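Notes to accompany the following structure.
Here, each number is a calculation from the coordinates, and none is a lab measurement. Everything numeric in this text was worked out from a predicted model, so none of it was measured. Cβ coordinates were reconstructed from backbone atoms using ideal geometry, including for glycine residues, and neighbour counts include every protein chain displayed.
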Amino acid sequence: MNKSLQLFVLTALHLALLWLWVAALDSRHGTLPPLGKFLSPFEGFWRNAEPDGPERGKGEEVELPGLNSTVVAEYDHRGVPHLFAPDLHSLFFAQGYVTARDRLWQMDIQSRAGMGRLSEIMGPSLVRFDQERRRMGMPEAAAASLERMLADSLTRVALEAYTEGVNAWITNLKPATYPLEFKLLDYAPELWTPLKSAVLIKNLQWTLSQSVDDTRLSHVLDSLGSGFFSRYYPARHPGAEPVFPQEVYPGVDSTHVGSREADRGAGREAGRGIAQANALSETPGILPSGPVAGAALQSPSITSTGLKAWSDSLWPRPNRASGSNNFVLAGTRTRTGYPILANDPHLDLTLPSLWYETQLKSGPVNAYGVSLPGLPGIVIGFTESTAWGLTNGMDDVYDWVAPQFRNDSLNQYLWRGRWRTVRRVIDTILVRGSEPVVDTQLWTHLGPVPVLRGEAPFGPNTPPLHALQWTALHPSNEPAAFLRMMSVKSVSDLARMSRFLETPTQNVAFVTRRDIALFHQGRIPEKRAGQGRLLARGTSASTYNSSYSSEWRAYIPASELPFAINPARGWLGSANQEATNEKYPWYLGSDFYPPERSQRLNRLLVNEQDATLSSAWNILLDDYSRLAARALPLLLRHLPAHDSTATDTARAATNQHSADLLRAWDYRYAAGAQAPVLFDLWWAEFYRMVWIDDLRGDFDAYVRPSRAVTLALLAGDTLDEAFDDIRTQTVESAGDLARTAFAHALQKARRAGAGKPNPFSWGNAEVGEIPVWGRYRPLSIPHVLGLAPLGVSGLSADGCGECLNAQRGSHGPSWRMVVQTGKRPEAWGIYPGGQTGNPGSSRYDAFVKDWAAGRAYRLLFLNWPLEVPDSTGYILALKGKR
Amino acid sequence: MIRAPLMFLMCLLGGMVFPWWWPAVPGLIAGFWKPARLVRGFLASALGASLAWVVVAIWYDARNQGLLSGRIAPLFHLPGPGGLIFAAGVVGGVSGGLGSLFGAWFRRFWASLHDALVEVAAPVPDEEDE
């Protein structure tokens, strides 16, 4: 009996041991996936290892419930599915199916992120992230937009069919065949819903319409004084060349056609000034009276004499080293006589890529381009006879207002003489491995109040106890544009369809076989000049930026938005710069991108007299920096012709060689050149020395003065007080700073190159240590989760933050495309990624190397399946199942 | 010596259907039905299960030319695909081995329980009668 007991204990112990082993390897530990599941070759990550090799000539047939008729998905050699469907329902069903087949996890995680549902799968560390999305009103706004989308018959069919298609793929999956990241994070894909598609639009709006920084700009005014503010923070970029200058702007020029002309309001003479616009946008009684607090903001020109002289300069912004381009060239400027369109939207680059390339053909609809995984239709692309491209409009559609709360309970706030009730929404955030977090959202009639008293802000521009006015919170149906763009035939069609694009605001470029056009499109609040640039505060009706006067009352009518059609000059282009000049009656914001890219673009386009696809492509690849071209000669003139200050001759020689290197530079940021490294360091160091003392040693607390202003000072008044280091007794000039900055830059350059042999060395050993640009500032494309081995890094490429080929860090051209219309459209394109989102496939990052090298792929536009048999890689036949 | 090949087969076939801890089940059965020394039984079961996992892992890896394992290995600070294959072998092997250990102990417990029950059920001989 005793022995049995002993054996029982031992048996139980071993059972416990086995149980512990299985339990330990069946669950997550920190960020480690469940190792048992994950390492098992039967269900773990091994199953995601796709067989290498071509898919040529293979075919597959699947039966899918819910599909009405047969759809042929012809994959070309690059893995682009060309879908041929007899009806729209089947077409979008198939689009959902093939997109999920390649990108399901990306769709799932992005929709979860937008809804604030990441902590559900990733645990307590993501609660703040989720809370921010929710408090900013993303889920609520997505639901409201969805209602609008479903009220539109085309969007409804597309969203519902797409959803069915995605779910047809999901229901066929087993845990063993889930995409890799589901296994890494240990969760199961959730069925798709139209709401998730609506959320993806919110994500786009989140990324592209919040670039303003009202909080830190207000901080400048508050702590550095109105003198400093008005001197160094002009509201309009000096040297800006608007997208729609007078010669193409319809208010001045009469070359435009189309439906908009008819419904344009009578009060739109080109000469109407800002003051009148103010009067129109304000109701009587609350007009700003007398000189107002931020009067300097309204002045489009800078008052400083130095700055005034400089009208042709730059306006880069910290953390804004990128931007998109699009342009169109009329047939009169191209070799074939047909218009050309080019576009490269610049965004944060990730793997899997934001874009998914596809062709959609059903009856008269036939379009090729890039789609967003999770959304039916094509966002940027072309058809048999048209092409369209987008850049971000950059209008200020994101304003903070401070309501006056009655007391700390925040139940009521005073608005125009009456107490209003705060709407409270109780919200529950599910958290993996922890208790749910119950959160309260506060809503005023203006918008949500995301940060309460005593709470940490979510970011630099989320001030506490402020209500957010944001057009993304307004219900909208942007997918309708991406769907209808596929069947647009004429400029007047486009004018109607693009009105669905509300947020973010966009510059929509468009060509047909005959016409070129550019539309500034979006939902933009009517504002006085400067309104919404700073945090609104106080309730006095007379204060310039008071809360009452900052309330949005109306939106600029669609018919009043700027556009141009077939201008006499034969080209149109945008690079996120100011849409209009001062004569445009509405204030659009002060957050447009620096002018150097648009200036360069305009100069290149003017010279395009015999354009081809390859010359258009080369414009997208242009690596010339106007910043360098302007600033470098100004800096160099402060260096002595022969360095007599250096005591040892070796150093003097080095300095001399470096200066010579810069003097000989063509201002092109070529990956193999050293000069860009020297200039980049020199300018950065010079800029830092100019402003760091004025900003009290803290660059992060304030919006920094623009490079345009810095450059203007350097060009105009080298004795401006900005150059004086207020921390020293002596008075410094621009020359003093330039010389010191040069010495620092040289040191840094050599340090950066230390230990790296340099194939481009040009003789002098010490200078030879300066690394080449592509190695000094390599590009990276991180995985969405930031897992380094699943991303790509160390890419060497031409281009810079201020170039047309704008790239830096992990920002850059997310999709380059050039299209020429004609009897048949001809198009080239590339994006830095691959069609599949599976890191276990060689197609995951297949395009990255070619992208970095500036190469293009010819985009295969088919009229029927197997039209070009040599290009066929793989055929997937989707059949209905009864 | 039949144990390891049997384990190999059972793990290979069952793995396609059952969850990752499946090797513990044939391990348990083997440990229970076939008497063996504990260590030897453990090793034989572990070897069979481990081989099954390693072979399948290598098959998937080779088809893919080590592309995915090359990306996953650094996530776990492993030197390369080999490290992942080894880790997979260890997980499969230990699962099978622990199953077999439990099976073997259960067999012994069962036997002693059986003996004890027989003891209780049998009439106790009366010594005084002799």
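Here are a few things to note about the model shown:
- Of all DSSP-defined beta bridges confined to the protein assembly as shown, some 85% are antiparallel rather than parallel.
- Figure legend: label point modelled 7 angstrom from the Cα of A:V437 along Cα→Cβ; no residues of the stretch A:457-476 have amide N under 11 Å from it.
- Normalising by residue count, the stretch A:1-135 has a Cα convex hull of 236 Å³ per residue.
- Calculated over the stretch A:686-728, the projected area of the Cα convex hull averaged across directions stands at 2.9 nm².
- Taking amide H positions as modeled 1.01 Å from N, with prolines and chain starts lacking one, the residues under 5 Å from A:N325 and 5 or more places away or on another chain are A:D344, A:H346.
- Under 5 Å from the amide H of A:W415 lie the amide H atoms of A:R420, each residue being 5 or more positions distant or on a separate chain, with H modelled from the backbone and absent for Pro and chain starts.
- At most 14 other Cβ within 10 Å, DSSP loop - GluC sites (Glu not before Pro), the stretch A:788-882: A:E867
- Residue among B:V90, B:V17, B:V54 with the largest mean-square fluctuation in a Gaussian network model of chain B, springs linking Cα atoms under 10 Å: B:V17
- Measuring spread by the Cα atoms of the protein assembly as shown yields a radius of gyration and Dmax of 33.3, 133 Å.
- Each residue of the stretch A:551-567 was assigned a 3J(HN,Hα) from its phi angle through the Karplus curve 6.51 cos²θ - 1.76 cosθ + 1.60 (θ = phi - 60°); the sequence is 5, 6, 10, 7, 10, 4, x, 3, 6, 9, 6, x, 7, 8, 10, 6, x Hz, with glycine and proline shown as x.
- Amide hydrogen neighbours beyond the local backbone of A:G239, cut-off 5 Å, H modeled: A:S313
- Kirkwood Rh (inverse of mean 1/r, distinct Cα pairs), the stretch A:532-616, angstrom: 16.3 Å
- The angle between the Cα long axis of helix A:649-663 and the main principal axis of chain A comes to about 80°, on a 0 to 90 degree scale.
- Computed with the Debye formula from one identical point scatterer per Cα of the stretch A:463-608, without solvent, the log10 of I(q)/I(0) at q = 0.13, 0.15, 0.20 Å⁻¹ comes to -0.70, -0.89, -1.32.
- When the Cα positions of A:S490, A:Y593, A:T163 are compared along the charge dipole of the protein assembly as shown, A:S490 comes out farthest toward the positive end, with charges on each C-beta of Lys, Arg, Asp and Glu.
- Relative to the 2.2 N^0.38 Å rule of thumb, the stretch A:61-152 has a C-alpha radius of gyration ratio of 1.43.
- Set against the 2.2 N^0.38 Å expectation for a compact globular protein, the stretch A:120-254 has a Cα radius of gyration ratio of 1.63.
- Leading residue at positive end of dipole, the protein assembly as shown (Cβ point charges), from A:P364, B:L9, A:N655: A:P364
- Proportion of all alpha-carbon pairs of the stretch B:23-119 beyond 22 Å (%): 43 percent
- Loop-located trypsin sites (Lys or Arg not before Pro) across the stretch A:825-875 with a Cβ neighbour count of 16 or fewer within 10 Å are A:R855, with loop assigned by DSSP.
- In Hz, Karplus ³J(HN,Hα) per residue of the stretch A:152-166 (6.51, -1.76, 1.60; θ = phi - 60°; x = Gly, Pro): 9, 5, 5, 4, 4, 4, 5, 5, 5, 5, 4, 4, 4, x, 4
- Partner chain coverage, peptide A:7-18 - average Cβ within 10 angstrom: 6
- For the segment B:19-26, counting C-beta atoms of other chains within 10 Å of every residue's C-beta and taking the mean gives 5.
- Mean projected area of the convex hull spanned by the Cα atoms of the stretch A:825-882, taken over all viewing directions: 6.2 nm².
- Treating r as the C-beta distance of A:S733 and A:D408 and R0 as 41 Å, the FRET efficiency rounds to 0.20.
- Evaluated at q = 0.27, 0.32, 0.33 Å⁻¹: base-10 log I(q)/I(0), Debye formula over Cα of the stretch A:372-420: -1.05, -1.12, -1.14
- Here the 3J(HN,Hα) profile of the stretch A:358-366, calculated from phi with Karplus coefficients 6.51, -1.76 and 1.60 at θ = phi - 60°, is 6, 10, 10, 10, 7, x, x, 7, 8 Hz, Gly and Pro shown as x.
- If you run the Gaussian network model on chain B, springs between alpha carbon atoms under 10 Å, then out of B:S69, B:S45, B:S100 the most flexible one is B:S69.
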